[in-house]
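Written out below as structure tokens is the structure these notes cover.
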Amino acid sequence: MRRSQSPQCRFAMEGPRRACLLLLFLLLLCLLPPPGTPGPPPPEKPREPPPPPSGTADPAAHLLRGRPSAPVRPYSLSLSPEDYRYSPKPRHLRPGRLRRLLGSAFDPFWMATEEPRGRNGSVPEAEEENLEALSRDLAEGAGRYRRKLWREAEGLELPPLLPPGPGLSPELPGVLARRLRQWLVERAACRLTSAWVDLGPVFWPRWVRHTACDTAPPGCSWPPGMTCRPAQLTHIKLLAWHCWAPRSPGPQHCAWRQIPYPVVAACKCSCR
């Protein structure tokens, strides 16, 4: 039979074990952060690329900002060459490279690399009549407002246009009401005109179509008092020659940048 260990022997064997446990406990206390210490910061979200430097030398610099403070009015850029200090050199105007920089944003309806034929004043009348057929943006904008006009015209309560009488077809009052509603819609539907504008050498393509509300009719409502005004804008993409000052003394840095360029896509009949 094995003899049981005495209490003194067991205490002598457990002493080193207790010392090891105490040392391990003290080591953990040193490794743990003190109470109230904030934990590790959360991972940073990917930041948006910084906007172009503020020390720019061209009036189109605000169009390069990702989030402009106010919406840009269409055709508000200066077209005076005196407002642009730096112009691209011939080596910067290679059409193939500029076409690659603009990519799929190149739209021959809105822009042209050379002076369009018949640009004096407005485009030819035959082309003006087919603006909606040539551009999906214009077709969608015009269709949206025309459908709205028809809904408003159908909601009008028209009085009987013809008193009932012998020999008159019972369908004639309804036909006249539809014709009157159609006339109101056609009068209130606003058309677009366009003209080609040369933006100068700091933009590519430099020829851009500017659309505007047709002001040939004196008014678009009955009774008179309302006119056609821009109601919807769309943004095309152009290249702008953008120059900025370097942080350290040295020459200006310049490069082609894509910019959004607002154009009028639809007009509606509204109060002055």
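Overview of values
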| quantity | calculated |
| --- | --- |
| Relative contact order of region 181-272, defined on C-alpha pairs under 8 angstrom at six or more residues apart (%) | 31 percent |
| Alpha carbon centroid spacing (whole Å) that separates region 256-272 from region 170-192 | 29 Å |
| Positive minus negative residues near PRO251 (Lys, Arg vs Asp, Glu; Cβ under 14 Å) | +3 |
| Net charge over other residues, Cβ less than 12 angstrom from the Cβ of GLU140 (K, R count +1; D, E count -1) | +2 |
| Carbon/sulfur fraction of accessible area - region 186-232, other protein chains in place, 1.4 Å, % | 59 percent |
| Accessible area in square angstrom per residue, region 142-237, 1.4 angstrom probe | 62 Å² |
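The values are calculated or read from the model by the stated rules, or taken from the named source; none is laboratory data. Owing to the predicted nature of the structure, the values given are computational and were not obtained by experimental measurement. Cβ atoms come from the backbone with ideal geometry, glycine included; neighbour counts cover every protein chain shown. Just the protein is used for accessible areas: all its heavy atoms, side chains included, with ligands, DNA and RNA removed. Shrake-Rupley method; radii C 1.70, N 1.55, O 1.52, S 1.80 Å.
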